[in-house]
Amino acid sequence: MKYILVSGGVISGIGKGTIASSAGLLLKTIGLKISLESSIIIDPYMNVDAGTMAPTEHGEVFVLDDGGEVDLDLGNYERYLNITLTRESNITTGKIYQHVIERERRGDYLGKTVQVVPHLTDAVQDWVERVAKIPVDDTKECPDVCIIELGGTVGDIESAPFIEAMRQLKRRAGKGNFAQIHVSLVPVIAGEQKTKPTQQAIRDVGRAGLVPDLIACRCDVPLERSTTDKIAMFCQVEPDQVLAVHNVPTTYHVPLLLEKQGLLKTLGSILNLDAIPKPQNLV
Ligand code: ADP
C-alpha cells in the first residue's frame, strides 16, 4: 500500500482537503498506471463523529452511504475520485479513544498499562492499514494508494498522537511507500511574501520526526520565484519540492495548478507508482 499524507501548519482551514483531493484526482488521471485510491481523514477533535457539531462552526456534515456523519472533505473525495467511502474513513480523537478503551475493558491489553504510545498510536496505524484496503468502488478491488488527511495543524496538542502515529506508519510502510505534503501559509504583508511562518511550520513538523517531501504554500497571489527559492533554502528542500497554491476562483482549478508544477511526476518518483500493475480493463 502507498500512502500520501497531507498535513498542515500555521493555521487550520488552509486548504489541506482541497490539495489532498486534487492530488487524488491527478493520480486518477493516470489510471493507466494505478488502479484505485482510498482516503482517510483524521480529525483531532473529541467528538466521535461530526454529527454533533454546529455546521456554522465546522461546516456542513457530510452523510455517507452507510449513514456515517463525517467531515465535509470526505464528500469532496467521493466527488473528485468517484468512490464510496464508509464511516471508518473518518478517524477522530473521540472515535479512536473509544476503540482503545473498549478493547481495554474487554481485556485485550490485560496486565498492560494502556498508554497513548504505543497503544493509541498502534490503534491508529492498524485502523489506517485496515481501512486503506477496503474496496471503494464496484470493482471490489483493494486500492493501491491511500490519501490520509491530517486535520488541525502540526504542533497542536490535539494532533500530537496522530503525528506520532504517522511517523511510525512511515516506517511501517517502508521506503518508497509514503509521501508527505505539508501545507503552509505565505501571507503577504505590505506587498511582501513572508516565508517565516512556513520556515516555522517545517521546523515544527521536523521536531515531530517527519520530513515532508513537498511543501504546498497557500498564498493569496501567485508565489514569486524568490519566495520559492527562499523557502527551499531555509527548509532544506529543492525548489521543485515547493508547490505554489494561490487563491483560485474555484477549487476545481487546484488540480491543474498542482499538475503544472509536476506533482504527479514527483509523487510518481517518490512512490514508484510506475511499478503498480495496470488494472486489467485499462491495459
Ligand atoms: P482544510 O482541509 O485545511 O481545513 P479546506 O481544503 O477545507 O481546508 O479549504 C478551506 C476553504 O478554503 C474551503 O472553502 C476551500 O474551498 C477554500 N480553498 C482551498 N484552497 C483554495 C484555493 N487554492 N483558492 C481558493 N479557495 C481555496
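The values are calculated or read from the model by the stated rules, or taken from the named source; none is laboratory data. Predicted model only: the values in this text are computed from it and were never measured. Note that we place each Cβ from the backbone using ideal geometry, even for glycine, and neighbour counts take in every protein chain shown. Accessible surface areas use protein heavy atoms only, side chains included; no ligands, DNA or RNA. Shrake-Rupley method; radii C 1.70, N 1.55, O 1.52, S 1.80 Å.
Within the group ALA190, ALA232, which residue is modelled with pLDDT of 90 or more, on the phi > 0 side of the Ramachandran plot and either away from the ligand (no atom under 16 Å from the Cβ) or open to solvent by 60 Å² or more (accessible area, probe 1.4 Å) (or both)? Show your work before the answer.
On the way: ALA232 fails: on the phi > 0 side of the Ramachandran plot.
After ruling out the rest, the residue left standing is ALA190.
Do the conditions hold for GLN180, that is, is it open to solvent by less than 10 Å² (accessible area, probe 1.4 Å) and within 25 Å of LYS265 (Cβ to Cβ)?
Values: open to solvent by less than 10 Å² (accessible area, probe 1.4 Å): yes; within 25 Å of LYS265 (Cβ to Cβ): yes.
The answer is yes for GLN180.
Given (1) of a type in the set (D, E, K, R); (2) more than 16 Å from the ligand (Cβ to nearest atom); (3) in contact with a Gly (Cβ under 6 Å, 6 or more places away or on another chain), where does ARG218 come up short, assuming only one miss?
(2)
Given the criteria open to solvent by less than 40 Å² (accessible area, probe 1.4 Å) and closer than 17 Å to LEU264 by Cα, does THR18 qualify? Explain how you work it out, then say what you get.
Working: open to solvent by less than 40 Å² (accessible area, probe 1.4 Å): yes; closer than 17 Å to LEU264 by Cα: yes.
Taking the combined requirement at face value, the residue satisfies it.
Do you know which of the residues in the range 22-49 that are in a helix (DSSP H, G or I), at pLDDT below 90 and in contact with a strand residue (DSSP E or B) (Cβ under 8 Å, 6 or more places away or on another chain) is nearest to the ligand (Cβ to nearest atom)?
The selected residue is GLY24.
Answer with yes or no whether LEU263 is under 25 Å from LYS28 (Cα atoms), within 21 Å of the chain's Cα centre (by Cα), within 16 Å of the ligand (Cβ to nearest atom) and touching a residue at least 60 places away in the same chain (Cβ under 8 Å).
Details: under 25 Å from LYS28 (Cα atoms): yes; within 21 Å of the chain's Cα centre (by Cα): yes; within 16 Å of the ligand (Cβ to nearest atom): yes; touching a residue at least 60 places away in the same chain (Cβ under 8 Å): yes.
When the stated conditions are applied, LEU263 passes them.
Does GLU149 satisfy the criteria of being in contact with a Pro (Cβ under 6 Å, 6 or more places away or on another chain), modelled with pLDDT of 90 or more and within 16 Å of the ligand (Cβ to nearest atom)? It would help to see each step written out before you state the result.
Values: in contact with a Pro (Cβ under 6 Å, 6 or more places away or on another chain): no; modelled with pLDDT of 90 or more: yes; within 16 Å of the ligand (Cβ to nearest atom): yes.
In short, no.
I need the full set of residues from the range 40-71 which are closer than 16 Å to VAL6 by Cα and without any contact (Cβ under 8 Å) to a residue 24 or more places away in the chain, in order please. Spell out how you get there, then give the answer.
In the first step, residues of the range 40-71 are kept if they are closer than 16 Å to VAL6 by Cα; the result is 40-44, 71.
Matches in the range 40-71: none.
Applying the selection to the range 235-269, what residues are outside any helix (DSSP H, G or I) and at negative phi? Let's see the steps before the verdict.
Let us first name the residues in the range 235-269 that are outside any helix (DSSP H, G or I), namely 236-238, 242-250, 261-262.
Within the range 235-269, VAL237, GLU238, VAL242, LEU243, ALA244, VAL245, HIS246, ASN247, VAL248, PRO249, THR250, GLN261 meet the criteria.
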